[in-house]
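The values are calculated or read from the model by the stated rules, or taken from the named source; none is laboratory data. On a predicted model such as this, the values are computed, not experimentally measured, just so you know. FYI the Cβ positions are ideal-geometry reconstructions off the backbone, even for glycines, and counts take in every protein chain you see. Only protein heavy atoms, including side chains, enter the accessible area calculation; ligands, DNA and RNA are left aside. Shrake-Rupley method; radii C 1.70, N 1.55, O 1.52, S 1.80 Å.
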Amino acid sequence: MPSHIIPPSRYILGALALAFSLGGAAQAAPASSAVQAVTITADGALRRPVAPGIYEAAYSPATRALYVASAEATTGTQGGVIYKLDPETLQTLGMTHTDDKNFGLAMNPSGTTLFITNSLDASVSAMDTASGRIKMRTKFTERSKDGSAYGPRKVIYDAAQKALYVGGVGDPGVIWHIDADTLQVKSVIQNAGKWVTGLLLDPETHRLYAANGGGEVLVIDTRESRILERWTPGDGKEWLLLNLALDKARHRLYVTDNSKRKAVAVFDTRTGKMTNRLDKLGDSLDIQFDAQRDRLYVSHRQAGTFSIVDANTLETVRTFALPAMPNSVLIGPDRKAVYVTIKTPPNKDYSASGAGSIARIALP
């Protein structure tokens, strides 16, 4: 999810995004009866515009719907929207208006609760997918060393603990460990490096991997909420690491860099050493690994493309043109399709220059 990461004041977190009391915090709104325009790209992707400032997507097996976070990034607009979409047609099924702008998403396994990071308000919210209502919200009180509030970016659900991990953009960054049922903070992992950008959970090994803007991968023991190791590419170059994907069979951890190295670093999870770097992919933002098809799915924000990569040969199998700025990637239900959110270039005040889109790419 992915975007450039820069120092987190409230103003700058608006640029990063281009990176509630229970009463009245949110309300469900009926979708418009009008059918939204959908196009089929030259590469065969289904695409439709959604809203200015869309970010991550998540799927709920309970409602059989796709949810997309939006910051509604237009000048003078307060709050955000969670859009409920048909995963096949991408048509809007419903909307939840929120007091805060929305960025990262995570779904519990049953699909009954959607967890949302509100990056500009230093909070995380929980939405009931059946009603579309925001049922809980927690605001973080910690401050970065420059006095600014942390910007919660990535959120990930840990089914074994019924807990959330939320990465905080700040210097030094933090990772909150939160009870998913109450949204109460259980512990805070401190000194997580400059700007915690990406998170990935490996429940079988009790490991949480975290990427940061200082070019580190943190290996965290989820049983103790303790940093065990800090990995770096070790090539003497400056990296700004973003998002992660794990190929357990090959012991590979893939970590993207969209700005400094414009490549994907490949770490050996047994040694913590960088064993390869995928330069031919160019700038890489979000990445997902599909073990069933042995494929990597990678978005390239600056190039305006999306790649399907053979995980065995690390060669690109297919490229889709999805201008202007492909952002987050989600593998859909039953792995029948992959979804890509697509942003528009920012204006000088960091508002969106147009409506962001979502694309559905059918998988063979």
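The apolar share of the surface of the chain, taken as the fraction of accessible area on carbon and sulfur atoms (1.4 Å probe, ligands and nucleic acids excluded), comes to 50 percent.
Extent along the principal axes, Cα only, for the chain: 54, 47, 41 Å, with the longest axis given first. A protection proxy built from the mean count of other Cβ atoms within 10 Å ranks the segments 344-350, 164-170, most packed first, as 164-170, 344-350. For the peptides 147-154, 322-329, residues were scored by their other Cβ atoms within 10 Å and the scores averaged per peptide; the highest-first order is 147-154, 322-329. The mean accessible area for residues of the chain, using a 1.4 Å probe and ignoring ligands and nucleic acids, is 39 Å² per residue.
Sorting the segments 87-93, 178-184, 264-270 by their mean number of nearby beta carbons within 10 angstrom, highest to lowest, gives 264-270, 87-93, 178-184. Please tell me which of these pairs span more than 25 angstrom C-alpha to C-alpha: K154/K248; K280/K343; K139/K237; K194/K273; K154/K262; K139/K194? K139/K237, as the Cα separations exceed 25 Å there.
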